[in-house]
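Participant: Right, I'll just put the structure down here and ask away after.
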Amino acid sequence: MLDVGKWPVFALLPPEELRLIRQACVFGSAANEAIYFTVNDEVFALGTNCSGCLGLGDTQSTIEPRRIDILCGKKIVSLSYGTGPHIYILSSVSVDGEVYAWGHNGYSQLGNGTTNHGLTPALVSTNLISKRVTEVACGSHHTIALTTEGEVYAWGYNNSGQVGSGSTANQPTPRRVSSCLQNKVVVNIACGQLCSMAVLDNGETYGWGYNCNGQLGLGNNGNQQTPCRIAALQGINIVQVACGYAHTLALTDEGFVYSWGANSYGQLGTGNKSNQAVPTLINMDKERIVEVAACHTSHTSAAKTQSGQVLMWGQCRGQAVAYPHLTHFTSTDDVFACFATPAVTWHLLSVDGDDYLTVAQSLKREFDSTEISDLKFLVDGKCIHVHKALLKIRCEHFRALLNETDEETIEIHQFSYLVYRAFLEYLYTDTINLPPEDAIGLLDLATYYRESRLKRLCQETIKRGITEENAITLLSAAVKYEARDLEEFCFKFCVNHLTAVTQTQAFADMDHDLLKNFISKASRHGAFKS
């Protein structure tokens, strides 16, 4: 399940509000602005509200979510944003679909013919009112839209030709990008900071706008005021493009990825930091890629494989990752939440419902549940409900024990309920949650069952929780259970806090032989020298 809470802007929302979120987008120069859509088709915004980008009718910042009434019930299908920021959403509420825009408009990127900021969402109508828009992409201060007929419209800031009009004059309203795209069918669009890209239904790829880093893939560094086909991709069928700040990724129908443009953070995935003016095949050394991801605000790249593995490369919290690196994520959205600067969502984030749980989450929920368990342990008169199959998989001791018995209840006498429950819960969750004093008992159990990893976790818990009061108790346990590394750690702690430790009741009650050995060893370490 995608975790909306990974974005700090949502940190103050109560859990019950987070559970209602169906889709969300985090944007802004510091990732401090957000819009989200609930399961009830209500729309809310919160954050710093630069240029009125929250669509609330004012420029007041808010940490409390406020509803955008005009968008409620519109069934939003996509959202795109620019750097200003300016915001576009695409709604499926009618047969024709609707495009709404608001926010920064200093370069007419809202397409309404003015340069006044839009404080509330307004329908974009000029030249698009009779068109069904299927996709909208935003650069820093320009916007492009794709229609069902495969036409591309562009407007806004045009200092480098990014609206494809053949000039560098800003475009105040949507205008069809024709030139060499005339009579061609576009199926995918994307925007970098100051450039635009389009993929045709035949797999050809076109670029226009700013090109000083080679982000158009044309083999040169000259800006392009009208769309130009990327000749180096001749014969290669591209199905998706994604643009970063000044680099481009392209996915082929065979699952290969090409990249070009700026590479100062390794965002091209080529293993170096040299810019590339022509498309370069990335050696993923992995299975087929089904999605590429980038955001015009960052130098980060991501990709998803057919089996669901997620890779990332490029800027990673200010550091450079020059070659695709396998992550533990299941979504490319998480790459941008955790690694990108700013930590924005690269597109409208869809949040899975509460009915979906990962394997780990499902196992954790079933621990000590009576519903489908087939075995129970009786410890100190209390029952712990578990599953034989899982215990056999996770523990050699139980594999041997349960293959020899068909009992449905097993009594345990040598360990306490607290310790044995923590052990069984560990088998379901891979974690332990005990204070250091109780972890001593679990350390005893781990030693008895020869669970080496659990033994290490217990030692780590004890090390984190050692104090002057419990140091001798923990040292005694380490000696008893032959945890040599832990014993040395506890001994050094006692020596470093010798005066306080020797004044505790645990030191007064210390076993005679252990006390004798402690004093002898401490003396050798110079603990009693004046």
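The values are calculated or read from the model by the stated rules, or taken from the named source; none is laboratory data. Because the structure is predicted, anything quoted here is derived from the model rather than measured. Glycine gets a Cβ as well: all are built from the backbone with ideal geometry, and neighbour counts include every protein chain shown. SASA here: full protein model, heavy atoms, side chains in, ligands and nucleic acids out. Shrake-Rupley method; radii C 1.70, N 1.55, O 1.52, S 1.80 Å.
Participant: What do you get for GluC sites (Glu not before Pro) in the range 114-193 restricted to DSSP loop and a cutoff of at most 14 other Cβ within 10 Å of the site's Cβ? Numbers along the way, then the final one.
Facilitator: Working: sites: E135, E149, E151; in loops: E149, E151.
In loop regions of the range 114-193 (DSSP not H, G, I, E or B), the sparsely surrounded GluC sites (Glu not before Pro) are E149.
Participant: For the chain, what is the accessible area per residue in Å², given a 1.4 Å probe and the full set of protein chains? Intermediate values should be presented prior to the final figure.
Facilitator: On the way: 23490 Å² over 530 residues.
Per-residue value: 44 Å².
Participant: Counting only C-alpha contacts under 8 Å and six or more residues apart, can you give the relative contact order of the range 6-84 as a whole percent?
Facilitator: Details: 123 pairs, mean separation 19.0, N = 79.
Over the range 6-84, the number comes to 24 percent.
Participant: Taking the Cα centre of the chain as origin and charging only Cβ (+1 Lys, Arg; -1 Asp, Glu), how large is the dipole, in debye to the nearest 20?
Facilitator: Numbers: 40 positive and 53 negative charges, 353 e Å.
So the magnitude is around 1700 debye.
Participant: Then there is this: Counting other C-beta atoms within 10 Å, and keeping those with at most 16, which DSSP coil chymotrypsin sites (Phe, Trp or Tyr not before Pro) do you find in the range 381-451? Don't jump to the answer; show the numbers that get you there.
Facilitator: Numbers: sites: F398, F415, Y417, Y420, F423, Y426, Y428, Y448, Y449; in loops: F415, Y449.
Of the chymotrypsin sites (Phe, Trp or Tyr not before Pro), the ones in loops of the range 381-451 whose Cβ has at most 16 other Cβ atoms within 10 Å are Y449.
Participant: What's the extension gain from A30 to E366 if we count 0.36 nm per residue and subtract their Cα-Cα distance?
Facilitator: Details: separation 336, 0.36 × 336 = 120.96 nm, distance 4.01 nm.
Here the segment from A30 to E366 would lengthen by 117.0 nm.
Participant: Give the separation of the Cα centroids, the range 110-169 to the range 257-336, in Å.
Facilitator: So the two Cα centres are separated by 28 Å.
Participant: Moving to a separate point now. K75: which lysines have alpha carbons under 20 Å from its alpha carbon, excluding same-chain residues fewer than 8 sequence positions away?
Facilitator: Answer for K75, where 20 Å is the Cα cut-off: K131, listed by chain and number.
Participant: Turning to a different aspect of this structure: Can you tell me the alpha carbon radius of gyration of the range 1-159 divided by the globular rule-of-thumb value 2.2 N^0.38 Å?
Facilitator: Numbers: Rg = 15.1 Å, N = 159, 2.2 N^0.38 = 15.1 Å.
Output field value: 1.00.
Participant: While we're looking at this one, here's another question. Residues of the range 238-263 with backbone nitrogen within less than 18 Å of a virtual label 7 Å along the Cα-to-Cβ line of C212, please, listed as ranges.
Facilitator: 244-248, 261-263
Participant: Next question, about the same structure. Loop only by DSSP, 16 or fewer other Cβ within 10 Å of the Cβ. Give me the chymotrypsin sites (Phe, Trp or Tyr not before Pro) in the range 465-503 that pass, ordered by residue number. Let's see the in-between values first.
Facilitator: Values: sites: Y481, F489, F491, F493; in loops: Y481.
The qualifying sites: there are none.
Participant: Let me check something: with ligands and nucleic acids excluded, how do K75, K521 order by accessible area (1.4 Å probe), largest to smallest?
Facilitator: On the way: K75 110, K521 45 Å².
Solvent-accessible surface, decreasing: K75, K521.
Participant: Right, here's the next one. Under 8 Å for C-alpha pairs, at least 6 residues apart: give me the relative contact order for the range 365-508, rounded to a whole percent.
Facilitator: 16 percent
Participant: Starting from the Cα-Cα distance between E488 and L18, subtract it from 0.36 nm times their residue separation and give me the gain in nm to one decimal. Before the final figure, lay out the partial values.
Facilitator: Values: separation 470, 0.36 × 470 = 169.20 nm, distance 4.62 nm.
Going from the current span to full extension adds 164.6 nm.
Participant: Continuing with this model, one more query. Evaluated at 20 °C with a viscosity of 1.002 mPa s, what Stokes-Einstein diffusion coefficient in µm²/s does the range 1-42 have when Rh comes from the Kirkwood expression over alpha-carbon pairs? Before the final figure, lay out the partial values.
Facilitator: Numbers: Rh = 10.7 Å.
Once the numbers are plugged in, D ends up at 201 µm²/s.
Participant: What figure, in Å² to the nearest 10, do you get for the accessible area of E204 with a 1.4 Å probe and non-protein molecules left out?
Facilitator: Per-residue accessible area (E204): approximately 50 Å².
Participant: While we're looking at this one, here's another question. In straight Cα distance, which aspartates and glutamates are under 19 Å from K392, not counting same-chain residues fewer than 8 positions off?
Facilitator: Counting by Cα, and skipping residues close in sequence, K392 has these aspartates and glutamates nearby: E366, D368, D374, E404, D406, E407, E408, E411, E425, D430, E451.
Participant: Computing the accessible area with a 1.4 Å probe over protein heavy atoms, can you report the carbon and sulfur percentage for the range 359-525? Could you put the intermediate results ahead of the total?
Facilitator: Numbers: 4480 of 9500 Å².
Taking all protein chains in place, the range 359-525 shows 47 percent carbon and sulfur surface.
Participant: Moving on. Can you tell me the length gained on complete extension of the stretch R524 to E149, counting 0.36 nm per residue apart and subtracting the Cα distance? Before the final figure, lay out the partial values.
Facilitator: Numbers: separation 375, 0.36 × 375 = 135.00 nm, distance 8.59 nm.
Separation in residues times 0.36 nm, less the Cα-Cα distance, equals 126.4 nm.
Participant: While we're here: State, to one decimal in nm, how far the label point of A122 lies from the label point of Q234, with both points 7 Å from Cα in the Cβ direction.
Facilitator: It is 4.6 nm.
Participant: Can you bin the range 4-350 into rounded, prolate or oblate? Criterion: square roots of the alpha carbon gyration tensor eigenvalues sorted a ≥ b ≥ c, rounded for a/c under 1.5, prolate for a/b above b/c, oblate for the rest.
Facilitator: oblate
Participant: Give me Rg over Rh for the range 420-498, both radii from the alpha carbons and Rh done the Kirkwood way, two decimal places. Mind dumping the intermediate values first?
Facilitator: On the way: Rg = 12.0 Å, Rh = 12.4 Å.
Result for the range 420-498 is an Rg/Rh of 0.97.
Participant: Would you kindly give the portion of the calculated P(r) for the range 359-525 that falls above 24 Å, as a percent of all Cα pairs? Walk me through the numbers before you get to the answer.
Facilitator: On the way: 5856 of 13861 pairs.
Taking all Cα-Cα pairs of the range 359-525, the fraction more than 24 Å apart is 42 percent.
Participant: How much net charge surrounds K382 when only the other residues with a Cβ under 15 Å from the Cβ of K382 are counted, with Lys and Arg +1 and Asp and Glu -1? Don't skip to the answer; put the middle values down first.
Facilitator: On the way: positive: K376, R421; negative: D368, D380, E411, E425.
Counting the neighbours of K382, the net charge comes to -2.
Participant: What is the chain's relative contact order, in percent, from Cα pairs under 8 angstrom and six or more apart in sequence?
Facilitator: Details: 1261 pairs, mean separation 41.9, N = 530.
In percent, rounded to a whole number, it is 8.
Participant: Let me ask something else about it. What FRET efficiency, computed as 1/(1 + (r/R0)^6) with R0 = 35 Å and r the Cβ-Cβ distance, is obtained for Q505 and L378, rounded to the nearest 0.05?
Facilitator: On the way: r = 34 Å, r/R0 = 0.98.
Efficiency, from the Cβ-Cβ distance: 0.55.
Participant: At 1.4 Å probe size, what's the solvent-accessible area of C490? Round to the nearest 10 Å².
Facilitator: For C490, solvent-accessible area is about 0 Å².
Participant: Additional query: Could you tell me the calculated FRET efficiency between H512 and K463, based on Cβ-Cβ distance and R0 = 35 angstrom, to the nearest 0.05? Walk me through the numbers before you get to the answer.
Facilitator: Details: r = 26 Å, r/R0 = 0.76.
Taking R0 as 35 Å, the efficiency between H512 and K463 is 0.85.
Participant: Using packing as a proxy for protection, rank 120-132, 321-333 so that the peptide with the highest average count of other Cβ atoms within 10 Å comes first.
Facilitator: On the way: 120-132: 16.4, 321-333: 18.2.
Taking the mean over residues of other Cβ atoms within 10 Å, the ranking is 321-333, 120-132.
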